[in-house]
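Just below is one structure, and these are the notes that go with it.
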Amino acid sequence: MGLFSLKKKKTESGGTKPPLRHIAFIMDGNGRWAKKRGLPREMGHKAGAEAFRRIVECCIDRDIELVTVYAFSTENWKRPQSEVDGIMKLFVEYLHDGLENPRQKNSKIRFLGDNSRFSPEIRELMERIVEKSSHYPHALNIAINYGGRDDIVYAVNSLIAEGKTEITEEDISSHLYTSGQPDPDLIVRTGGEWRLSNFLTWQSTYSELFFTNTLWPDMSDKDVDEALEFFTSRQRRFGQVK
Ligand code: IPE
Ligand code: IPE
Ligand code: MG
């Protein structure tokens with residue numbers, strides 16, 4: 001158990017802290033981190049990949065059941081080809097590393113997003129890592145070629161393919177890439193932008209939102225703890241009167 005116990009518990013004043021099962025990160029600011037240092041953007045993504053590994057371990061230490069990271073959006077293909085290639089190269093390195101050198105702290109991996117855009121070789125690596133990691137207790141979603149709108153369209157198309165003519169909210173929730181998982185309790189965005197950029201559109205309706213100016217490669221355990229402190233200070237009402 002880490003610094004924080006995020007399961008519902010009594011506070012000193014007798015109230016209860018909200019439980020946190022799912023934290024999601026919009027890992028933004030890699031390019032600006034590199035620019036500040038006079039480095040190419042690709043170096044920012046490399047430093048971002050290291051921060052990603054560090055922050056996932058930090059969340060495991062804090063016993064958070066599910067972590068989602070936004071690694072690449074459906075819109076990020078519009079970036080210069082060399083940058084897209086650099087990000088994909090880092091992704092393939094991450095997959096190889098995960099398959100060949102298991103880390104001490106591991107998570108059960110799920111990929112969120114349309115994987116049909118990836119080569120058969122990359123898709124095979126993705127399938128292998130999902131299978132190999134399936135027994136770990138903590139879970140990690142990697143949103144790659146992910147869009148919140150694409151997620152909803154994918155769910156609706158799956159329902160049409162099943163022959164549904166009328167659908168419920170539960171039908172949509174259970175056909176999203178996150179099917180069966182709790183919605184994010186807290187979404188953290190680094191890099192100083194106050195927007196969601198097509199992330200978890202359906203799932204974020206009641207998420208608490210935490211924005212920080214910290215650039216993603218600089219993200220530290222301390223920043224995570226600050227976000228968790230913020231979360232525990234919130235009163236979640238879900239439309240009710242408390
Ligand atoms: C986030 O960092 C990583 C991806 C979107 C792939 P950016 O590359 O968006 O960094 P900034 O926002 O340009 O600093
Ligand atoms: C959001 O960051 C996507 C990821 C972090 C993967 P962007 O940098 O693409 O978002 P915008 O363009 O600033 O909205
Ligand atoms: Mg950005």
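So here's what we get for this one:
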read-out: Residue-averaged 222 nm ellipticity for the chain, from DSSP H runs of 4+ at -39500 (n - 2.57), nearest 500; value: -12000 deg cm²/dmol
read-out: For the chain, diffusion coefficient by Stokes-Einstein and Kirkwood Rh (Cα), 4 °C, 1.567 mPa s, µm²/s; value: 68 µm²/s
read-out: Two-decimal log10 I(q)/I(0) for segment 101-141, as the Debye equation yields it once each C-alpha is a single scatterer, q = 0.30 Å⁻¹; value: -1.06
read-out: Over segment 80-198, relative contact order from alpha-carbon pairs under 8 Å, at least 6 apart, %; value: 24 percent
read-out: For V153, solvent-accessible area (1.4 Å; no DNA, RNA or ligand), Å²; value: 80 Å²
read-out: Antiparallel bridges, percent of DSSP beta bridges restricted to the chain (to nearest 5); value: 5 percent
read-out: Inter-label distance for R79 and S220, nm, one decimal - labels placed 7 Å from Cα along Cα-to-Cβ; value: 2.5 nm
read-out: Rounded, prolate or oblate (a/c below 1.5 giving rounded, otherwise prolate when a/b exceeds b/c) for segment 25-109 by Cα gyration tensor; value: prolate
read-out: Extension gain (nm, one decimal) between T205 and K242, 0.36 nm per residue minus Cα-Cα; value: 11.4 nm
read-out: Segment 69-119 versus segment 177-219: alpha-carbon centroid distance in Å; value: 18 Å
read-out: Under the Karplus curve 6.51 cos²θ - 1.76 cosθ + 1.60, θ = phi - 60°, whole-Hz ³J(HN,Hα) for segment 217-230, x wherever Gly or Pro sits; value: x, 8, 4, 10, 4, 4, 5, 5, 5, 5, 5, 5, 4, 4
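The values are calculated or read from the model by the stated rules, or taken from the named source; none is laboratory data. The model shown is predicted, which means the values in this text are computed figures rather than measured ones. Virtual Cβ from ideal backbone geometry, glycine too; neighbours counted across all protein chains shown. Areas reflect the complete protein model, heavy atoms only, side chains present, ligands, DNA and RNA absent. Shrake-Rupley method; radii C 1.70, N 1.55, O 1.52, S 1.80 Å.
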